Every structure is written in C-alpha cells, then in structure tokens.
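Asks: Handing you a structure now.
Only the coordinates and a few stated rules stand behind these numbers; no lab work does. Predicted, not measured: the structure shown is a model, and the values here were computed from it. Counting neighbours? That spans all protein chains shown, and the Cβs are built from the backbone with ideal geometry, glycine included.
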Amino acid sequence: MRRRAWLLWAAALPALAQAEVEANTASRAQLESLPGLGPALVQRLLAARPFTD
C-alpha cells in the first residue's frame with residue numbers, strides 16, 4: 001500500500017511542475033500568488049534580481 005502511494009505521488013510530480021514560476025522574470029503578482037510568499041518577501045526577491053545561480 002505504501003509503495004502504491006509513493007508511485008502515485010511520483011507520477012503526480014510532472015503535473016505539479018507545470019505551475020513553476022521563473023523567479024528572474026515573474027511579476028510581483030505572480031510571485032505573490034505563490035503559497036508562502038507575502039509582500040515583504042516578494043519585495044526582497046525583486047530587489048535581489050537578477051540572481052546569479
């Protein structure tokens with residue numbers, strides 16, 4: 001049962017990856033729409049652009 005759960009979870013990963021946001025090019029609204037990113041953190045991310053790695 002546990003193995004089946006892991007296989008289902010692993011199969012779902014590609015679908016979740018389609019919702020990625022590129023940190024170097026995303027707008028403020030796109031970044032703020034992500035869970036865990038509030039206005040203060042988004043401002044710090046925007047100020048740190050462009051990222052080097």
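Asks: Looking at the range 20-53, which GluC sites (Glu not before Pro) are in a loop (DSSP not H, G, I, E or B) and have at most 11 other Cβ atoms within 10 Å?
Replies: Values: sites: Glu20, Glu22, Glu32; in loops: Glu20, Glu22.
For GluC sites (Glu not before Pro) across the range 20-53 that sit outside H, G, I, E and B with at most 11 neighbouring Cβ atoms in 10 Å, the list reads Glu20, Glu22.
Asks: Can I ask one more? Below 14 angstrom from the Cβ of Ala10, what's the summed charge of the other residues (Lys, Arg +1; Asp, Glu -1)? Provide the component values of the computation, followed by the final result.
Replies: Working: positive: Arg2, Arg3, Arg4; negative: none.
Around Ala10, the surrounding residues sum to +3.
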